[in-house]
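Heads up: the structure comes next, in structure tokens.
What follows is calculated from the coordinates using simple rules that are stated; it is not laboratory data. On a predicted model such as this, the values are computed, not experimentally measured, just so you know. Virtual Cβ from ideal backbone geometry, glycine too; neighbours counted across all protein chains shown.
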Amino acid sequence: MPHGMRLTAFLLISMLAAGQAPPGVEEVLRQGSALVAAGKVAEAQNLYTTALIRFPENPRLHYELGMIYLRQHDWTKAVVNYRSSLHSDPSNL
């Protein structure tokens, strides 16, 4: 497991152990956007990927992850995430 994903998993487990609710989708999107803006794209990718375990049908998470793959020129994964976003919410055209 990559370091960034381990850190994200550790933080989520720590929050659960402390009785805090893990971040909701809006908070994840806010954090991910801040990470991308700071040039921490790999950390944002790990954050979105981890959040999709909890919110697998969220179209915005799929879209943002697709944008990261697009930046990385990973066209196949970008298209897969864009399609998942549209499948979850066809109004996202």
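Structure notes:
- Protection proxy ranking, highest mean first, for peptides 38-50, 72-84: 38-50, 72-84, where packing is the per-residue count of other beta-carbon atoms within 10 Å, averaged.
- Among residues other than Phe55 with Cβ under 13 Å from its Cβ, the summed charge is -3 (Lys and Arg +1, Asp and Glu -1).
- Reported value for the stretch 36-93: 72 Å³ per residue, from the convex hull of its C-alpha atoms.
- Neighbourhood net charge (13 Å Cβ-Cβ; Lys/Arg +1, Asp/Glu -1) for Arg30: -2
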